[in-house]
Structure formats: C-alpha cells, structure tokens
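**Q** Before we start, here is the structure in question, set down as structure tokens.
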Amino acid sequence: MAAASWYHRDISRVVAEELLAKAGRDGCFLVRDSESVSGAYALCLLFQRHVHTYRILPDDEGLLSVQTIQGIQAKCFRTLPDLIGAYQQPNNGLVTPLLYPVHRARQAADEDSGCWRRWGGHGHPSLAMLAPWREIFPKMLTRLCSPASDFMGFMAEYLNHHLQLDLEALRHGHPQLRHLSTALVTACRALHSEIDFTLAGLETLARVFDPPASPRSPAREQVSPLRAAAAPSCPQGLLTSDPDLELLLNKISTVNHLLSSLEKKVLKSLQETVSRHNLALPSVVAVPPPAAKPLAVQSFEVKMGKSQRAALTVDVESGTVAITKAGSGSPEETIPQDKILQLIKYQSVQSKVRLVYDREPQRSLSRDFVFLSARKREAFCQLLQLMKIQHSNLDEPDLISVYVGTWNMGSTPPPRSLASWLTSRGLGRTQDETTACIPHDIYVIGTQENSLGDREWVEFLRASLKTLMTIDYRVVALQCLWSIKIVVLVKPEHERRISHVHTSSVKTGIANTLGNKGAVGVSFLFNGTSFGFVNCHLASGSEKTHRRNQNYSDILRSLVLGDKRLSAFDLTLRFTHLFWFGDLNYRLDMDVQDILAHITKKEFEALLAVDQLNLEREKNKVFLRFSEGDISFPPTYRYERGSRDSYMWQKFKPTGMRINVPSWCDRILWKSHPETHVVCNSYGCTDDIVTSDHSPVFATFEVGVTSQFVPKKAPGSGPEPLACIEWESIEVIVKTASRSKCYIEFHSYCLEEAQRSGENTSQSCDIPGFLKLGWSAKHLPVLNPILPDLEYLGDQHLLLSIKGVESCESYGECCIAMRSMIGSMAQQFETFLFHRGEETGSMRGWMKVRVPKDRHSTRERLYEWISFEEEDAEPAADAPACPKPPVQRLRSRPRSLPESAAGYTNPAYFIFEGVPNAWAPAPSAGEAHNKQAESLAEGQRRRSPLRARVPSPSEEERWGGRPRCVPGAPSRGHPLSPPGVGQQKRPKSAVLVRDAPGLGDCSLTALHMATCLSQLDRASPERRGDSQKTLLHQTHGALEPPPRPCREVPRCMPDARQHGRPGEWPCDRGERSRSVGGCLGHLGLQQDVEGLQERGWDHLEIFRYTQALELGKGGTVRASSCGPGVPGRAPCPEGEER
C-alpha cells in the first residue's frame, strides 16, 4: 500500500480537493488518511466538478469496506489496493467508477537530504536491490546516529559511494563489509581524542582516592586502567577485527568501568577518613531561601500642564504615588493606591498618561503627565499595575506576566551570565531599567542547537534566575527533541495553580523522521486559562520557504497538546493563549549588500517588506491571525561569533560557498482567543551574548487570566435559573468542492458536554469551489451553561466546528467570545473558519446570551482600570473637514476586541451574493461640505448592531457611496486597544469603496477591490499602517450586515430596505446587483472569473493591472490601473504612478 501512488497519506481535505481540481477529469480519485477516525481512510472522487468523499473503515478483523449509498451491499477487502481495484468497476455504489488515479507529488527535500535523494535513485544497478531499505532506513538512522553533521556526512558518503561495493562483495561471499568498517573508523576518529581527554581526568581522580600502598607489601606493577580494562577479551563481532575499533571499544569499556566505580570508591575513602580520625560530621542545617528583594522606590521626571516640571515617585511596597513639583522639597500630593480610579494612556502622544483619582468624597480629579519617553511611561504604568496587584485582596490573580525567550545556541555552551536575555535588555523594544528586574510569573525558554544536557540546562536557568530575582523558580515542564528544548518555570506561589500539563514533540527533519529539525511543545492550565507554547526549528536555506511552510503545517497537525476533547480542532484554537517561537529560519529576499546597507542606516522597514515570514503571512500560508510585536532591532542571524559588529554571511561547505543573508530568523508570535487581555510589553534581542551566530530574542507579555469561579449567590432549594445561548441564524461559506450536508458541533468549558445542531436547512453550490450553508433557529440547539452568572459567562468562549454528515470530517472551526453576545437582543457575529492552519471559510450569524436578572453582578478586573484614548490627529490638507467628535474616555475591555465587520472576511465569498447597488456619482467638494451636518445627524440615527457605519439610501445619494466621519463612530485603530493592536494583517478580505463613473451597477467589483488593495501595497512605509486601517475602516462602513430572519413578514416588499431595521439586507434578491463574476464579465474579464473562483483572492495578481482596451470595451471611462509585470497586460502609461 505504501507504494501505491494514489495513496497520499495524511494530506488535508483541502489539499486533496485542490489536487482533484487540478486533475479536472470525472473519475479522478485519491486516498488519504481519515481526519475523523484513526486507522480509517477517505476515498476522494471527482465527478461533475464536485468532490465526493467516502469513508473506508476497518472492521474488528481488519477488513476494509467503503461506506456507500444505502441499498448497496458493502464488500470487504483485506488490503487497500484490492479495494481500489474492485471499485474501478462500475455499479459498486459510487457516483462513478475509479478511473484516473491522482498520483502523489514528489516532496521537495530539505537541504540536508540531498544525499538521501541521490541514494534513492537507480544510478547504479546494485541499488535496485536496496529498494526495501528506503522506507525503513530513516527509522534506523534515528536510532543509530546522533544529530552531529560530520557523522551524517560520513554516513551519507558511505551510502552514496560505498554501499554498493559492500553489497557486491557480500554477493561474492565476502561478509566482512570492509567499506562500512572504514566509514565507522573515520566517523569515530574524533571520539578517540575526546575519550582520551576524559579518561585521563577520570584516572587522575581515581588515583587520588586509591588506598596508600603498604611499605611491607611487594612493589606492584603499575597497570593502566586502560590496559586492565582491555584485558578481558572483547566480544568478537563482525567489525572488531579492525584494531582501531577494538581500541575504541576498550576505551569505552574503561570509561564505563570508571564511571560506575568512582562514586563507590570516593564514598569508601571518605568513610575511612572519618573513622580513622574520629571526625564527627556536622549536622546539616536547612538554609531558608533568600527573601525576594523589595522593589526600590522609583522616581520619574514628568511635565504637568504646558511647562510645569515635576517628579512622580512610585512606592510599590507602601502603595503610594507622590507628586513633587520641581524645586519643592516635599511632595505636593500623595495618592494611595486604593484612590487611583483609572489610568488612561494616550495613543497619539506615546509618552502621555492621565491619572484619575479620588481627592475628596464623591469628587474625582484627573491630571495629565508627559514622560521623557514612551518607555518611561510604560515603566510607570507597569509599576502601578504591580502595586495594584500586590495590594489587592484577591485570592487569585487576574493578571500575570509571561516571559518568552528563544535562542539558537549554535551548539556551543552558553556564557556564564544570561542577565541581559532574562531581563529583556539590549536592542529593540526593551524594558526600562526601573522595571527590568521585576520577576515575571512564568518564564518560557526555548532553545535550538543546545548542546547541554537536559538537567544541566534546567539547573543553569534556575540558578541564573535565582541570582537575578532571588526567587527559586519551579519547573513546570521540560520537553526535548535532540537539541531543541523548551523549559517552563513558574514562581513558587503559582505552582499549585498549574494543572493539566502536556508535552509533545514533532520531527520535521529528513523524511520527518530526524529530530534535527522539528518542534517541542508544552500546554497547561493556569487556573481557568489555557496556555500553549511551541518552540520550533524549521528548515534552513533562503530558497526553502515552501519547506518551512510545510514544516509549520506538519507541526500544527501532529503536535498533541491541550484538552483531548478538543483534538479535532485546529491547534491554534485549543488555547486561550498560544505562543509560537523559535528559529523559524525565514530569510530576507534581497541582495546581501543591500541588506547590509539598510542595517547600517537602521532602515528596518525596507527589510521587513521583503521578510519571507511577513510575505507568507500576507499570503495566508502560515500563522493565520497570529500577532507579532513591532521589530525595531537588527536581524539576529548570521553574526560572527565573538562579536556583534559584523555579519558572517559567507558559509563555506564541502559543496562550495553558501550565502546566508542577515535575517530575522528568530521570532516570537502569539494568538489569543477574541476579547481576551494580552499586551506585548517588550520585543527585542540582546547585544552582549556572542557565543552563537544567533542573538537571543525575548518578549514579555501582560496576560489576563481567569480563576475557578465561585458563585456569590448560594444555591437555594428551588430550581436554579438558567442562562441560555440562543441562535437566530447561522450562515457559512466554506471553500470546498463537496456537496455534503453538514452539522455544527459546539464545544465550551461552560457546557457539560458537546452539543450538535441538525443538518443545514439551506445549501448552495452554484459557484464551483464554494459551498454556502445556512441554519435556521429551529435546527440550532439552545445551549445551557453550567453556571448562569454574568461574571463567569463574560470570560467564556464557544468553539464551533462545521462537519460533514457523511464523513464526520471538519470543514472548518472557529471561536466566538461570549462577552459581546450577552444581552436580551441578538448580536451579530462574524469570524473566520480554520482547519489545519488554513483559512477554509467564513461564518456569520445572530445570537444572544441571556443571563438571569439576579445574576448580573460582576466586578472590574485589575487590568481593566487601564484604558486607551486616541486624540484625533490633524486632518490632511486634502481631506474633507469633519467635526471633531467628543473625546470618549472608555474603560479598557480585553485588548483583542474584534473589528466591526459587516460582511464575509474573504472577498471571493461575495460571488454568492453580489455587491450592493450602485451609488450615484460623488458630489463636488463644495456640495459635500454644505450637506455635511445633515448627513452626520442622519448617521447618528442609523447604526448597525455592531456600531459599524451603514449609510442610508439618502446618504448614498448625497455622498456617492463615500463613508464620512461620524461622531462616535470607531476611529482609526480601536480606542480600547494599545498601539499595534488592531493592526493585525487581515486577509485581503474587504471590498473597498471607490468611485468608478460609467460602470452602472458595477460600482463595487473585484477590479476595484484589487485596485484599492494595490494602493495598500504601494503605500509608503511610514504611512502604510494608517492607510491600511483607513481603507479597511471605509470598507466595513460600506458593507451591509448579513440577513436576519424575516419573521413578521413572510415576503419582504421592494421597499423593505427603507422600512426595515437599519442595516438589514432586503429579502428580495432581485434588488441585488450582479455578482462579482457577472461584473467581471461586464468588464470583459471573463477569463479571470474561473481563476477567482478556483484560487480565491490569490488570483488578484492576474487582473490587478488590467489592459485599458479591455476596460474600454466594458464601458469604463478611466482605465488607469494598468501596469507592467503581468503576462498579457499592457504596460503603464509613461509617468503614471505604479
């Protein structure tokens, strides 16, 4: 079965469908492993542009049978090839016979696997006899060799050039395997000197404790322990005829003997010394661990008002903040920590903060302070946060600090001190000196190419932290894969809060059997919050981007972490917080001299634009919806060892010189559930640890956690009121060629057990490659959480999985936060669907979480007293003037609030429902200014459920479809999010509003989406973030929310838009404009419709720059989106901006 080319092992359903779509013939088929049943298979068959999936299940006796349509007798087969052969005949219950097998693609090999690729060929006639060894040799290699590259090189040389010679000799009756013996002697030559050095030390130490020779005893011949050990005859094996190997075996035997006997010898000698001199051993007194160092009082220079200078003094131990004006010897005011009500950070001025506190009963006062730098402000805020935590009366913490570090040690021992790494000092966004030595609650250290022993490394880390923090950290977990290690340490007081610890590892080296590349992971619960940590070492080489992407997918699929009940969900959805870090090995796609020039000028933005990891993330190939801190430090690889002044970008290998361009290989990313609190406080690298060609990288996080909830209201004798989760409708679009009926599975820690819906009530597969499903309220279950309290439910999340009825395999999973859904009115939600690290679709709908009235009590979390406020920047000169909205001071809710969205996340999904009707041409600037106030007042009256801007028909006519500034509408960024949050790269998922005169009903087409997205790509580095946020904000304001069920009126009238709820879709589909495919046809771009349907938004590069002639045929007046670089397209007119 392993040789069958149609068996694709454990590829995903999405990949299988893509392979069948490329084949494109009815009767094409392949077999893959089942995702839902272990040991089962899935038969995927293409017929009439749809993929039909059949499960192949084994019975108790191991016989295989296909689940087919009812009425067809299931046949049993002993092997999979027998089964496939039988179903190549007609009338076996399949939609069509199995006609054309889709062959398994040959995998691209890693840079270390060139020797295995050459060995696997049939260049020599004798190698044809070795075919059975190709499958099992990687497994043998895992047991027989170390990850040392020299040893691997000698073995590769033997396999490539000398194995066939030994084989020929064996065929002629010579069993000595002379070439293997020579290869082993050569490979182990370096071991002689190592053993000699170790052996000499052990012999010297052994002689120290030898009993003194009696003067009356005859002189003894001094016999070397080596010779003594060599006296016993060695077992005669196949290869011990070689004298060098015999000597090596003798040395190893001697080392073994000395190591096993040395402890007994030393113990005996000490005991004899004590008894001979009548010494009494002192009693061992337990030394109490050193107390944690109290935090010193810290002072910050600030400016109050316009010019008044002052000092803010923070005393964490006493819990006070003192304000002292310049020139004054005593504090003007001292504020106790319990009087501080709120801390407001300004986003427009990164060094500014507002302190709100109680001054008199029922009267609060606020003061603004401007610090010397943003880093000083962050240090002040961290100290106040720590002060609040220390003086709170909570039994369990709401907030913890997490340190994550990654370092490729280069197979060399570490320096004596790791202080700069463990205290986040160096380059980039680093900790201020006032907070650098504040101990974190959790330390997670990931290393690659770590040559130290496991226990030695852990004790070294603990000793380093004890020296720096005077805290004896406890080991939560240690997981190793060859030289890849991850260590998790926690404060002693948190040890009892850690539970459900799991560890796992995945090999992604040669043939996924060697552990020189791969990942190690740890997961656990901290009270009620789940954490996952993954440390990986991916394939190296600038040209191995695809291989690294595949490594990521393999790790994501194979790493076994977290709750077993969630094993069917994507790994990135199983944890409240998942941190992924390591030597990811993604490089910079730029000439090395240009890279060095940019580094010298500290022009990191230009380098980040060609960073392979960023490019792959933008393509949605890896790390979907992950976040990463801003990189403001130089590339961490490849330095000259012993210095950080220059990069050693030339690497000399036996095959020639290899260029390793300086790159940010070492990265730290994270992904958290929506509406949770996580803030990255630092992200940088050290500049004084020079033992490796990589610099250590660190990041620190402030993470909100939940505890085991205890209801404040004691249960009574009567029936308890129940909270309930109700659904009005759910609509899903998945990227699949299947037509299977589906159901939804609901998982959550707040539910006693998983629940499932009925089959979908509506289904559309008119567009090839996409399946649209719908569920009404009747077919969706009402979920009852185990506890009805608002405080408890606000921290919970729901995990949903879309599964096929026949295959029970997942088409995508998602996570929904319940916090925003609590209330008596249904709220709209919209989210991505993921499966095996890929975006497979989108889900939207309406739901509500009803909480009993007597369970509405809640409390403010410790991290919620810090909020963020954004002062509006000055409007651009060419931008229309908008009234400045009143400043909203909003309490901080969890940081990762979802962006308000009113449509599907992938623009390719709009091929199902078309785009909104055309809007009139935009008015002149004068008309817009005169009608602005009226529009704003109208806008305030009409709001969508998610507070997204939804223009009314009258507004559309006045403004020509351009969104306008609205007081109270979400501004750029999110007022509740810190800088950087909300700037996560969304997939190219928004239809951007642009005017296109002459297009009639085609005002929103894929062409305009592509044009606007190209503007994002061409935005200057310093303004790219603002442009992206602005365009995306305009996008969400322009789109309308999904349809809500029409209950009162069975059939909506044509004027339902005017009389319905704000933001409702009309039920009459006739009012909609044509679909994207129709619009492309209208533009004369029929050849691009199929590409968009097959490849989604990745196909935009084909028609981003469109020939003016083609657009002219479609009636387009302005055709200025042409550009070079696309086959078959006309070049840009001279002088036009690209």
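The values are calculated or read from the model by the stated rules, or taken from the named source; none is laboratory data. These numbers come from a predicted model, not from an experiment. Glycine also receives a Cβ, built like all others from the backbone with ideal geometry; neighbour counts cover every protein chain displayed. When the accessible area is computed, the model is the full protein with side chains, heavy atoms only, and any ligands, DNA or RNA have been set aside. Shrake-Rupley method; radii C 1.70, N 1.55, O 1.52, S 1.80 Å.
**Q** If you go through the range 332-358, how many residues are assigned to a strand (DSSP E or B), surrounded by fewer than 16 Cβ atoms within 10 Å (Cβ to Cβ) and either in contact (Cβ under 8 Å) with a residue 12 or more places away in the chain or within 36 Å of the chain's Cα centre (by Cα) (or both)?
**A** 4
**Q** Further, regarding this structure: For the structure I just gave you, tell me whether ILE510 is of a type in the set (Val, Ile, Thr), touching a Phe, Trp or Tyr at 6+ places or on another chain (Cβ under 8 Å) and either open to solvent by 10 Å² or more (accessible area, probe 1.4 Å) or more than 24 Å from PRO294 (Cα to Cα) (or both).
**A** Considered against the rule, which asks whether it is of a type in the set (Val, Ile, Thr), touching a Phe, Trp or Tyr at 6+ places or on another chain (Cβ under 8 Å) and either open to solvent by 10 Å² or more (accessible area, probe 1.4 Å) or more than 24 Å from PRO294 (Cα to Cα) (or both), ILE510 comes out as yes.
**Q** While we're here: Taking the condition of being polar (S, T, N, Q) and touching a Lys or Arg at 6+ places or on another chain (Cβ under 8 Å), how many residues in the range 763-790 meet it?
**A** Qualifying residue count, the range 763-790: 2.
**Q** Going by what's in this entry, would CYS480 be described as assigned to a strand (DSSP E or B), of a type in the set (A, V, I, L, M, F, W, C) and open to solvent by 20 Å² or more (accessible area, probe 1.4 Å)?
**A** Yes, satisfied.
**Q** Condition first: in a strand (DSSP E or B) and at pLDDT 65 or above. Can you find one or more residues in the range 284-297 that meet it?
**A** The answer is no; no qualifying residue exists.
Let's see how each residue does on (1) under 21 Å from ASN408 (Cα atoms); (2) touching a strand residue (DSSP E or B) at 6+ places or on another chain (Cβ under 9 Å):
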position	(1), (2)
VAL488	yes, yes
PRO492	no, yes
ARG497	no, yes
HIS502	no, yes
GLY515	yes, yes
GLY518	yes, yes
GLY521	yes, yes
LEU525	no, yes
ASN549	yes, no
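**Q** Could I ask something else about it? Can you name the residue in the range 351-365 that is of a type in the set (S, T, N, Q) and at pLDDT below 90 and is also farthest from GLN390 (Cα to Cα) among such residues?
**A** So, considering only residues that are of a type in the set (S, T, N, Q) and at pLDDT below 90, the one farthest from GLN390 (Cα to Cα) is GLN362.
This table checks each residue for (1) open to solvent by 40 Å² or more (accessible area, probe 1.4 Å); (2) in contact (Cβ under 8 Å) with a residue 40 or more places away in the chain; (3) under 22 Å from the mean Cα position of the chain (by Cα).
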site	(1), (2), (3)
VAL475	yes, no, no
GLU493	yes, no, no
VAL506	no, yes, yes
ASN516	no, yes, yes
GLY521	no, yes, yes
GLY532	no, yes, yes
GLY541	no, yes, yes
HIS546	yes, yes, yes
ARG557	yes, yes, yes
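**Q** Any idea which of ALA597, ALA609 is among the small types (Gly, Ala, Ser), touching a residue at least 12 places away in the same chain (Cβ under 8 Å) and either farther than 30 Å from SER801 by Cβ or open to solvent by 10 Å² or more (accessible area, probe 1.4 Å) (or both)?
**A** ALA609
**Q** For ILE816, work out the one condition from (1) out of contact with any helix residue (DSSP H, G or I) (no Cβ under 7 Å at 6 or more places or on another chain); (2) open to solvent by 40 Å² or more (accessible area, probe 1.4 Å) it doesn't fulfil.
**A** With (1) out of contact with any helix residue (DSSP H, G or I) (no Cβ under 7 Å at 6 or more places or on another chain); (2) open to solvent by 40 Å² or more (accessible area, probe 1.4 Å) applied to ILE816, the lone miss is (2).
**Q** For ARG55, all conditions in the list (1) outside any strand (DSSP E or B); (2) surrounded by 19 or more Cβ atoms within 10 Å (Cβ to Cβ) hold save one; what is the number of the exception?
**A** (1)
**Q** Can you give me the ranges of the helices (runs of 4 or more DSSP H) entirely in the range 571-653 with at least 1 residues that are touching an Asp or Glu at 6+ places or on another chain (Cβ under 7 Å)?
**A** 612-618
**Q** Tell me which residues, restricted to the range 665-689, are open to solvent by 10 Å² or more (accessible area, probe 1.4 Å), out of contact with any Pro (no Cβ under 8 Å at 6 or more places or on another chain) and either in a loop (DSSP other than H, G, I, E, B) or of a type in the set (Lys, Arg) (or both).
**A** Residues satisfying the conditions are LYS671, HIS673, ASP687, ASP688.
**Q** Any residue that is within 21 Å of the chain's Cα centre (by Cα) and open to solvent by 30 Å² or more (accessible area, probe 1.4 Å) - is there at least one of those in the range 447-454?
**A** no
**Q** Additional query: Does the range 389-396 contain at least one residue that is assigned to a loop (DSSP other than H, G, I, E, B), hydrophobic (A, V, I, L, M, F, W, C) and touching a residue at least 24 places away in the same chain (Cβ under 8 Å)?
**A** yes
**Q** Give the residue that is nearest to the chain's Cα centre (by Cα), with candidates limited to residues of the range 750-763 that are open to solvent by 30 Å² or more (accessible area, probe 1.4 Å) and of a type in the set (S, T, N, Q).
**A** GLN755
**Q** To continue, here is another question. Might you check whether a residue that is surrounded by fewer than 20 Cβ atoms within 10 Å (Cβ to Cβ), among the aromatic types (Phe, Trp, Tyr) and within 23 Å of SER682 (Cα to Cα) occurs anywhere in the range 620-635?
**A** yes
**Q** Would you confirm, using the coordinates I've provided, whether LEU386 is in contact (Cβ under 8 Å) with a residue 12 or more places away in the chain and either open to solvent by 20 Å² or more (accessible area, probe 1.4 Å) or assigned to a loop (DSSP other than H, G, I, E, B) (or both)?
**A** It is true that LEU386 is in contact (Cβ under 8 Å) with a residue 12 or more places away in the chain and either open to solvent by 20 Å² or more (accessible area, probe 1.4 Å) or assigned to a loop (DSSP other than H, G, I, E, B) (or both).
**Q** Looking only at the range 753-788, count how many residues are acidic (Asp, Glu) and at pLDDT below 90.
**A** 1
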